[in-house]
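> First the structure, then my questions, so here it is.
The values are calculated or read from the model by the stated rules, or taken from the named source; none is laboratory data. These numbers come from a predicted model, not from an experiment. Please note: Cβ atoms are built from the backbone with ideal geometry, for glycine as well, and neighbour counts cover all protein chains shown. Side chains included, ligands, DNA and RNA excluded: accessible areas come from the protein's heavy atoms. Shrake-Rupley method; radii C 1.70, N 1.55, O 1.52, S 1.80 Å.
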Amino acid sequence: MANETERPADSEAQATAAPTPSNTVTPSPLVAALQRQNPDWVTEVIEAFGETTVIVPREHIRAACSFLKSAPGLEFNMLADLCGVDRGPEEEPRFEVNYHLFSTNKYTRARLKVLLNEDDAKVETVTTVWKTANWHERETFDMFGIIFEGHPDLRRILLPDDWEGHALRKDFPLRGYEPYSLT
Amino acid sequence: MSTTLPPYEVIDQPLDTQMTISFGPQHPSTHGVLRLEMVLDGEMIVRAIPDIGYLHTGMEKLFEYKKWQQGIVITDRMDYLNPLGNNLAYVMAIEKLLGLEIPERAQVIRVMMCELQRIASHMVWLGTHALDIGAMTVFFYAFREREKIMNLIEACSGGRLTPSYFRVGGLMMDLPAGFERRVKQFTDAFPKALDEFHTLVSGNTIFQSRTKGVGYISTEDAIDWGLTGPCLRGSGVKIDVRLTNPYTGYETYDFEIPVETGCDVWARYMVRMRELRESLKIVEQALARLRPGPVKADAPKVVLPEREAMKTHMDALIHHFLIITEGFNVPAGEVYHPIEGSKGELGCYIKSDGGAKPARVHVRGPSFVNLSALPIMAEGEMVADVVAIIGSLDIVLGEIDR
């Protein structure tokens with residue numbers, strides 16, 4: 001009997017919990033601020049696992065970043081990480097670039113994401129916003145071949161200059177094309 | 001690993017004294033295989049350009065070909081002075097995707113082991129940093145203390161440098177019998193050793209004059225260049241992931257975040273030395289909180305069953321077989337999980353497509369980002385100060401090159 005009385009309570013709790021989708025009704029201050037500043041900057045907002053992801057059109061990424069860096073109430077003054085993702089050669093858009101922002105005043109985190117097509121894998125650099133983006137962008141260029149336009153020093157960073165291909169692309173074989181020799 | 005030096009401005013000097021020298025990669029003071037191309041004007045550094053990649057082993061690529069649980073052993077080999085921290089960042093990111101609840105005892109042990117690992121990592125930093133500057137004795141004392149922690153890690157996991165002790169859903173196994181007593185022995189003896197270090201190094205006039213005012217980086221620059229950990233706190237910013245984004249229950253422990261405002265090598269040194277005492281406090285608190293209980297989450301499809309259960313229960317045997325042969329699936333999605341490693345913010349970005357292998361694993365190594373700010377600190381300093389600055393950054397090339 002105890003079970004029977006508990007069960008409806010459980011299903012009720014689930015029923016009330018289920019229809020509230022994760023924060024789509026009340027967007028976070030970040031998304032609200034971005035949309036208020038320029039509605040074109042936000043193409044999609046994903047709230048999952050307690051993290052906010054904002055997909056930004058690639059032509060607006062630098063403007064959105066420099067706005068977020070100084071926006072009152074947000075102050076994402078640190079770029080914690082920048083990394084590329086390859087979804088696979090058959091996907092289009094194929095590449096993602098993730099910007100993980102952090103605020104040293106508010107302790108909040110956010111992720112901006114740019115989607116890039118394979119034949120035009122170019123995005124404006126954010127080294128003018130945060131200097132730390134320099135090496136991150138070099139690494140992403142090295143591993144995925146994504147061009148960061150306006151980057152002051154876009155060279156390979158981990159692999160040698162004469163390396164062929166971009167190692168973290170999904171179509172790059174795990175053991176490379178041929179044995180590589182440093183000599 | 002680029003061999004071409006980008007164009008630099010040659011300062012018009014009456015005597016053409018500028019020259020370019022290559023520092024490393026086989027230099028002992030570079031803490032691994034870091035190479036610097038330095039443009040010198042006499043003894044002054046005009047430009048210092050780090051050149052990395054000599055230890056690149058394609059770990060991020062390898063993750064994509066290994067099952068989720070096999071990736072843990074790869075993380076050990078990144079920052080080999082802080083392997084438990086790497087384990088924690090990786091498994092916690094997966095646990096975030098899976099939505100696993102970790103038992104209390106496992107969380108307390110994770111905190112305790114991570115803080116012990118932080119002390120061990122700082123011991124290597126202290127020994128090598130002092131050695132670089134010329135104080136040889138400290139190295140032996142620091143490694144004596146580190147050895148005690150290495151023995152503790154070996155006792156609980158079987159490995160010294162590559163423990164892989166944290167697994168998805170908890171720990172590899174519970175602590176061995178008598179482990180608490182051994183940790184107690186260490187925490188009782190360590191404050192005395194810490195006082196020794198202060199006598200040996202902190203009070204040393206030569207060490208002070210080699211470090212004070214050297215390697216200056218302002219607060220704004222430190223944030224702009226993305227410095228984290230003791231390097232950022234040495235520039236007067238009170239940022240510690242344990243405080244700002246607490247994980248595994250760090251918010252319930254009583255400890256301070258040491259901050260220094262000197263912005264130089266000495267400030268970064270003092271932050272780490274004060275941090276040692278705070279880490280010791282956390283270890284003692286965790287030790288007092290240890291209560292008997294499970295160390296693995298109740299998730300039979302993800303966590304390997306106990307050996308005894310496999311001999312008596314058919315389903316445990318089936319789960320074991322499936323986890324080993326096929327692995328477990330992780331729901332599709334992406335997470336970025338930062339933790340406070342011994343060198344700064346250690347973030348693990350994981351993207352899953354729902355399969356038994358990750359779609360992408362990216363590790364934000366604190367050493368990588370901290371090293372990128374080296375040119376700012378080194379320019380205008382003397383060539384002999386470069387080793388002091390590298391030592392104060394506490395870099396590990398295994399993590400930079402990955």
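> Rounded to the nearest 10 degrees, what's the angle between the helix B:104-133 long axis and the longest principal axis of chain B, both from Cα atoms, 0 to 90?
For helix B:104-133, the angle is close to 20 degrees.
> Tell me which of B:I376, B:T75, B:G213 sits at the most positive position along the dipole axis of the protein assembly as shown, charges placed on C-beta atoms (Lys, Arg +1; Asp, Glu -1).
Selected residue: B:T75.
> Go ahead and estimate [θ] at 222 nm for chain B from helices alone: -39,500 (n - 2.57) per DSSP H run with n ≥ 4, summed, over the residue count, rounded to 500.
After summing the helix terms and dividing by residue count, I get -14000 deg cm²/dmol.
> Where a ≥ b ≥ c are the square roots of the eigenvalues of the C-alpha gyration tensor, would you call the range B:212-329 rounded, which needs a/c under 1.5, or, failing that, prolate if a/b is larger than b/c, or oblate?
Judged from the Cα gyration tensor, the range B:212-329 comes out prolate (a/c at least 1.5, a/b above b/c).
> Carbon-plus-sulfur fraction of the accessible area of chain B, 1.4 Å probe, in percent? Intermediate values should be presented prior to the final figure.
Numbers: 8540 of 14960 Å².
For chain B, the apolar C and S fraction of the accessible surface comes to 57 percent.
> Name all residues of the range B:183-210 having a backbone nitrogen under 12 Å from the label point set 7 Å from the Cα of B:A384 along its Cα→Cβ direction, giving them as ranges.
Once the point is set 7 Å along Cα→Cβ of B:A384, B:206-207, B:209-210 turn out to lie under 12 Å by backbone N, inside the range B:183-210.
> Another question, if that's okay. Using only protein heavy atoms and a 1.4 angstrom probe, determine the accessible area buried between A and B, summed over both sides, in Å² to the nearest 100.
Values: alone 11260 and 16930 Å², together 24080 Å².
When A and B are taken together, about 4100 Å² of accessible area is lost.
> Once the Cβ-Cβ distance between A:Y107 and A:T43 is put in as r, and R0 is 25 Å, what FRET efficiency do you end up with, to the nearest 0.05?
Working: r = 27 Å, r/R0 = 1.08.
That pair, A:Y107 with A:T43, gives E of 0.40.
> Please list the three semi-axes, largest first and in whole Å, of the ellipsoid equivalent to the range A:24-149, using sqrt of 5 times the eigenvalues of its alpha carbon gyration tensor.
23, 17, 13
> Mind telling me which of B:I318, B:I153, B:I257 comes out most flexible in a GNM of chain B, alpha-carbon contacts under 10 Å?
In the Gaussian network model the winner is B:I318.
> Please report the spacing between the Cα centers of the range A:22-91 and the range B:11-84 in Å, no decimals.
The distance from the Cα centre of the range A:22-91 to that of the range B:11-84 comes to 32 Å.
> If I stretch the segment between B:M44 and B:T325 completely, what's the gain in nm (0.36 nm per residue apart, minus their alpha carbon distance), one decimal?
That works out to 95.3 nm of additional length.
> Okay, next question. Applying 1/(1 + (r/R0)^6) with R0 = 60 Å to the Cβ-Cβ distance of B:K301 and B:M19, what FRET efficiency is obtained, to the nearest 0.05? The partial results should precede the final answer.
Details: r = 63 Å, r/R0 = 1.05.
Efficiency, from the Cβ-Cβ distance: 0.45.
> Let me ask something else about it. Using a Gaussian network model of chain B with C-alpha springs under 10 Å, which one of B:G341, B:G170, B:G134 is most mobile by mean-square fluctuation?
B:G134
> Just check the range B:304-402 against the gyration tensor rule for me: Cα atoms, a ≥ b ≥ c as the square roots of the eigenvalues, rounded for a/c under 1.5, and otherwise prolate or oblate depending on whether a/b exceeds b/c. It would help to have the intermediate numbers written out before the result.
On the way: a/c = 4.73, a/b = 2.74, b/c = 1.73.
Since a/c reaches 1.5 and a/b is larger than b/c, the shape of the range B:304-402 is classed as prolate.
> At a 1.4 Å probe, what is the % contribution of carbon and sulfur to the accessible area of the range A:34-86? Don't jump to the answer; show the numbers that get you there.
Values: 1030 of 2150 Å².
So the carbon and sulfur contribution to the accessible surface is 48 percent.
> So which residues of the range A:108-148 lose at least 40 Å² of accessible area, probe 1.4 Å, when you go from the chain by itself to every protein chain present?
A:R109, A:R111, A:K131, A:T132, A:W135, A:E139
> If you count only protein heavy atoms with a 1.4 Å probe, what accessible area per residue comes out for the range B:350-402, rounded to a whole Å²?
17 Å²
> Please compute the Kirkwood hydrodynamic radius over the range B:35-119, one decimal place, Å, based on all pairs of different Cα atoms.
Taking every pair of different Cα atoms in the range B:35-119, averaging 1/r and inverting gives 15.9 Å.
> Quickly work out the B:H27-to-B:L287 label distance, labels modelled 7 Å from Cα along the C-beta direction, and quote it in nm with one decimal.
4.1 nm
> Among rounded, prolate and oblate, which fits the protein assembly as shown when a ≥ b ≥ c are the square roots of the eigenvalues of its C-alpha gyration tensor, a/c under 1.5 means rounded, and a/b larger than b/c means prolate? Walk me through the numbers before you get to the answer.
Details: a/c = 1.61, a/b = 1.17, b/c = 1.38.
Because a/c hits 1.5 or more and a/b fails to exceed b/c, the protein assembly as shown counts as oblate.
> On the protein heavy atoms, probe 1.4 angstrom, tell me the percent of accessible surface of the range A:87-183 carried by carbon and sulfur.
Within the range A:87-183, the accessible surface is 48 percent carbon and sulfur.
> Report, in degrees rounded to the nearest 10, the 0 to 90 angle that the Cα long axis of helix B:314-325 makes with the longest principal axis of chain B.
30 degrees
> So if R0 is 60 Å, what FRET efficiency would B:H313 and B:T261 give, r being the distance between their Cβ atoms, rounded to the nearest 0.05?
Calculated transfer efficiency: 0.50.
> If one takes the longest principal axis of the Cα atoms in chain B, at what angle in degrees, from 0 to 90 and to the nearest 10, does the Cα axis of helix B:265-289 lie?
With rounding to tens, the tilt is 20 degrees.
> Please work out the Cα center distance from the range A:139-183 to the range B:339-383, rounded to the nearest Å.
Cα centroid of the range A:139-183 versus Cα centroid of the range B:339-383: 18 Å apart.
> Next question, about the same structure. Over the range B:109-225, what relative contact order in percent results from Cα pairs under 8 Å that are six or more residues apart?
19 percent
> Report the gain in length on full extension from B:Y65 to B:K192: 0.36 nm times residue separation, minus Cα-Cα distance, nm rounded to one decimal.
Net length gain for the segment: 41.0 nm.
> Return the residues of the range B:187-235 for which accessible area with all protein chains present is lower than in the chain on its own by 50 Å² or more; set the probe to 1.4 Å and exclude ligands, DNA and RNA.
At a threshold of 50 Å² (probe 1.4 Å), the residues of the range B:187-235 that become less exposed are B:I223, B:D224, B:W225.
> Also: Express the accessible area of the range A:24-149 per residue in Å², computed with a 1.4 Å probe while the remaining protein chains stay in the model.
That works out to 38 Å² for each residue.
> Just give the residues from the range B:338-379 buried by at least 50 square angstrom of accessible area in the all-chains context relative to the isolated chain, probe 1.4 Å, and say none if nothing qualifies.
B:Y349, B:K351, B:R360, B:H362, B:F368
> How many Å² of accessible area per residue for the range B:115-258, probe 1.4 Å? Don't jump to the answer; show the numbers that get you there.
Working: 5400 Å² over 144 residues.
Solvent-accessible surface per residue comes out at 37 Å².
> For chain B, what's the relative contact order in percent, using C-alpha pairs closer than 8 Å and at least 6 residues apart? Spell out each step's value before the answer.
On the way: 751 pairs, mean separation 101.7, N = 402.
Relative contact order of chain B: 25 percent.
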